[in-house]
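The values are calculated or read from the model by the stated rules, or taken from the named source; none is laboratory data. Small disclaimer: the values here were computed from a predicted structure and weren't measured. In this analysis, Cβ positions are derived from the backbone assuming ideal geometry, glycine residues included, and neighbour counts consider all displayed protein chains.
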Amino acid sequence: MDYAWMQTPVGRLLLISDENGLRRIDFANENSRPDSARHESPDALKETIRQLRAYFARELEEFDVRLAPEGTPFQKNVWRHLCEIPYGETISYGELAHRVGNPKASRAVGLANGANPIPIIIPCHRVIGSNGKLTGYGGGLSVKETLLALEAQGRARQLLRHAPSGRRASANW
């Protein structure tokens with residue numbers, strides 16, 4: 001397995017991949033150390049790093065990185081549905097459970113969401129409480145808030161770029 005460190009606006013990230021694709025993104029702290037069986041190889045993760053930088057610069061809304069998360073079939077199903085939540089939008093755990101096909105499984109969906117090994121790229125931060133409040137996040141609520149604010153700003157910039165140009169009033173009186 002290969003790994004690389006990356007500094008971002010939400011802190012230092014540890015990226016881990018193998019021949020199958022990206023396996024993990026961990027929010028690093030001062031005690032974070034990669035497994036000794038892994039090899040530091042920023043080149044192996046160059047495209048993932050490029051896309052994450054573009055995301056944080058509000059220049060990328062959809063990732064195109066080969067993913068290889070490890071989890072149960074149920075978890076993987078939830079993670080696939082997370083990838084369908086549009087950039088800059090949020091849904092509730094109940095809505096996610098409905099989309100997964102089991103409307104009564106909000107708690108199980110929440111646990112699968114919390115077990116997401118590839119945050120940011122698999123956008124578990126886009127899931128909020130049914131009351132509209134932010135709920136738990138592996139990187140901490142402040143990171144979740146930062147990611148949602150970044151996407152809201154990026155979405156606003158996109159809308160402004162594509163808005164029809166308005167006419168200015170003529171000063172020919």
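Observations
- Total residues in the stretch 56-70, condition among the aromatic types (Phe, Trp, Tyr) and under 22 Å from ALA115 (Cα atoms): 1
- The condition of being modelled with pLDDT of 90 or more and either in contact with a helix residue (DSSP H, G or I) (Cβ under 7 Å, 6 or more places away or on another chain) or part of a helix (DSSP H, G or I) (or both) holds for only one of ALA108, ALA156, that being ALA108.
- Complete set of residues in the stretch 60-74 that are in contact with a Lys or Arg (Cβ under 9 Å, 6 or more places away or on another chain), in contact (Cβ under 8 Å) with a residue 40 or more places away in the chain and either surrounded by fewer than 16 Cβ atoms within 10 Å (Cβ to Cβ) or among the aliphatic types (A, V, I, L, M) (or both): GLU61, LEU67, ALA68, GLU70
Per-residue answers, yes or no, for (1) in the same structural domain as LEU147 (by TED's automatic domain parsing); (2) at pLDDT 95 or above; (3) of a type outside the set (Phe, Trp, Tyr); (4) under 19 Å from GLU151 (Cα atoms):
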| position | (1), (2), (3), (4) |
| --- | --- |
| GLU19 | no, no, yes, no |
| ASN31 | no, no, yes, no |
| ASP43 | no, no, yes, no |
| GLU47 | no, yes, yes, no |
| ASN77 | yes, yes, yes, no |
| ARG80 | yes, yes, yes, no |
| GLY94 | yes, no, yes, no |
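- Output for the stretch 37-58, where each listed residue is farther than 17 Å from TRP5 by Cα and without any contact (Cβ under 8 Å) to a residue 40 or more places away in the chain: ALA57
- Residues within the stretch 87-138 that are free of Cβ contacts under 8 Å to residues at least 24 places away in the same chain and within 21 Å of GLY21 (Cβ to Cβ), tallied: 1
- Given (1) farther than 19 Å from ASP26 by Cβ; (2) modelled with pLDDT of 95 or more; (3) within 15 Å of the chain's Cα centre (by Cα), index of the condition GLY88 fails: (2)
- Filtering the stretch 84-91 for residues that are touching a Cys at 6+ places or on another chain (Cβ under 9 Å) and closer than 17 Å to VAL10 by Cβ leaves an empty set.
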